[in-house]
Amino acid sequence: MKRTLLFFCLFVAVILIPAESKPKHKDKHENHGKQSKHVERGKKKLTFEDIIEDVVFTESSDDDDDDDDHGNSDWLFELQDSDGRCTPNPCLNNGVCKEKGRKNFKCDCPKHFKGRKCEKAPRVCRKGACGHGECVLTSSRPHYACKCKWPFQPPDCKRISVCEPNPCQNGGQCIREGNNFDCRCPEGFRGRFCRVGPNDCYVGDGETYRGNVSETEHGFDCLYWNSHFILDLGSNPFHSFEDREGLGLHNFCRNPDGEPKPWCFFRKGRQLFWDYCDVTRCPEPTKGPTEAPVVPTSPYPTSAKPPSTTPPTPMTTEVPQVSTTPTVVTEVPPIPKPTEGPNISTATAAPLQFQTCGQPQPKKALTRIYGGLKVSPGAIPWQVSVQEKPSNSQQPYRHVCGGVLISSCWVLTAGHCIQPNKDLEVVMGSLSRNRLDPTAQTVEVEHSIRHENYRETPKAVYNDIALLRLKGTEGFCANETQFVKTACLPDPQIPDGTACTISGWGATEQSDYGSNHLLEANVLLINQEKCSNRDVYGSVLDPTMFCAGYLQGGVDSCQGDSGGPLTCKQNASHVIYGLVSWGDQCGRKNKPGVYTRVTHFLDWIRSKTGATP
Ligand code: ARG
């Protein structure tokens, strides 16, 4: 699975990026080291010359340097089509599907969206609409606004005026140097515009930070959270950013996704990066040990989250141009206290547990902004890390495969994940691979059952399925929490072309070792005949498996993802439709991922687990 996730990243890039040379979309957490070479060490002051030379601010009269990506997206969508009808709805961004004849359909797109499947986002920010300023998308007419780079002046950021009016806030003095300026801030204030006050600090991981810092640690200006650079990555700007307390129509640093401290997106040329911000940590409280520091800017209580160990690495994402499905903005539930969770063996039986399946926690909008790659807490609560160590050894367990929780005591995984002479355990409820989140539950595997007809050939793996029976008492093994839930078993077949979700810690384009964060991507179910084409996998496929991904390559699962879930939505629940199984390398053209067809094994699963898995 390792590469799989890498290619998730790529998938989004490939799908969404067109005009620029090579898609290089990456998860914000997957760029360890690589992108740091783009970031100058030490603070960098943005000069007038930098602004003048910025390619994005160069006015162009034609469209093709900006948005021409749409050109190649249509064929891409069509390539995966099943029979071109309205179930499932092929129209993106809330488009309404109308059937046309036996094989065709037409999407009625909401205002501003275009394309056969309404995949083309509003393009109000093209053609240097904002002179020397960043274009941000808004929900009211004219659907964009310009945020000028000083000394360029509103409304269209084309006229210059250096210190008039004074850009420095809080009594700061504007010092002019040619077309450049400096703000001399009163004591206690800082930032390019003296916007950051003396009490501007964050506590914990900064999830509650609502201060005014808008520069990265290396001095780059943060992008507005509604900048078209970010939103074009696949989020619907007209549905996003309602949360004005947190992310909103501003460019202040925030930490909506569990990073160790507030961060923001920034841009170099046409590339999107992220980095931690130049924010100050609030002094430790001197009173009682449990009392949280006072944060004047924050209306929310301190998060119970522990600091994460993610290294501060910028992300790069070339800016894609096609919008995908709309983002649903919902609140993320608080992370529970560390006491909630593990220690299964001492827990008392909870008869009402796992009554529902396939219901994740609502997702945060942010996840979608940069491609839906980083899983937010509780979004894939059935994802399991299957870990092994040599039998009876003292060695630590290490991640080998993904798995899927289908009931309190049963995990589905791939048959090839079961090796002789290994002890197995599963870790659930953790997004992190090399560090246990406080929400994690670790449970030993009592025994594993690999399918009797499991078979490997040099070309394919057949009947690649196994069940892990977890250790527990009286049918109670995993403990249901916001972060640990079951996926549903599927009903019969789901149509080709349906977008489903894969996830795992497997290899990515940056790291053969895999990802420390659970990553997810969308893949499309590929028609079995198409996948059995000579150019694809030919005759090695059998009914125990199916292909999903993109025939043009890109998004895919990879080594280390095996056994993990491919879930699709069926009747408003997430069902486990496939298990990551194999593929010819990862993310290659005409070599999509191959998944164990879970519907083929429903009787087998039921017979092994008893009536109610
Ligand atoms: N066999 C791999 C594993 O054990 C999964 C490979 C999936 N490959 C792919 N191209 N989707 O993790």
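The values are calculated or read from the model by the stated rules, or taken from the named source; none is laboratory data. Source: prediction; values computed, not measured. For neighbour counting, all protein chains shown are included, and Cβ atoms are generated from backbone atoms with ideal geometry for every residue, glycine included. Keep in mind that these areas ignore ligands, DNA and RNA; they rest on the heavy atoms of the full protein, side chains included. Shrake-Rupley method; radii C 1.70, N 1.55, O 1.52, S 1.80 Å.
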ask   = Cβ-Cβ below 6 Å, separation at least six or inter-chain, first residue in segment 401-425 and at negative phi and within 11 Å of the ligand (Cβ to nearest atom), second in a strand (DSSP E or B) and hydroxyl-bearing (Ser, Thr, Tyr): which pairs?
value = Cys401/Thr413; Ala414/Ser581
task = Answer yes or no: is there a residue in segment 444-464 that is small (Gly, Ala, Ser) and either within 16 Å of the ligand (Cβ to nearest atom) or more than 25 Å from Pro260 (Cβ to Cβ) (or both).
result = yes
request  = Starting from segment 590-603, take each residue that is within 15 Å of Val404 (Cα to Cα) and open to solvent by 10 Å² or more (accessible area, probe 1.4 Å) and list its partners that are away from the ligand (no atom under 15 Å from the Cβ) and not hydroxyl-bearing (Ser, Thr, Tyr), counting only C-beta distances under 7 angstrom and pairs at least six apart or across chains.
outcome  = Arg597/Pro543; Thr599/Pro490; Thr599/Pro492; Thr599/Gln493; Leu602/Leu489
request  = Give me a count of the residues in segment 462-475 that are over 17 Å from Pro420 (Cα atoms), assigned to a strand (DSSP E or B) and at pLDDT 95 or above.
outcome  = 2
task = With the condition kept exactly as written, say whether any residue in segment 421-431 is acidic (Asp, Glu) and open to solvent by less than 10 Å² (accessible area, probe 1.4 Å).
result = no
note = Given the conditions (1) within 12 Å of the ligand (Cβ to nearest atom); (2) over 26 Å from Leu468 (Cβ atoms), every one holds for Gly593 apart from (2)
request  = Would you be able to say whether some residue in segment 526-534 is in contact with a Ser or Thr (Cβ under 8 Å, 6 or more places away or on another chain), more than 12 Å from the ligand (Cβ to nearest atom) and over 18 Å from Gly563 (Cα atoms)?
outcome  = yes
message = Quick test for you: out of Gly578, Gly563, Gly554, pick the one residue that is touching a residue at least 60 places away in the same chain (Cβ under 8 Å) and either among the charged types (D, E, K, R) or within 10 Å of the ligand (Cβ to nearest atom) (or both).
response = Gly563
request  = Would you check if there is a residue in segment 469-490 being surrounded by fewer than 17 Cβ atoms within 10 Å (Cβ to Cβ), acidic (Asp, Glu) and free of Cβ contacts under 8 Å to residues at least 40 places away in the same chain?
outcome  = no
task = Restricting attention to segment 549-583, report how many residues are modelled with pLDDT of 95 or more, surrounded by fewer than 24 Cβ atoms within 10 Å (Cβ to Cβ) and over 22 Å from the mean Cα position of the chain (by Cα).
result = 1
inquiry  = Looking only at segment 368-402, how many residues end up being among the β-branched types (Val, Ile, Thr) and at pLDDT 95 or above?
reply    = 3
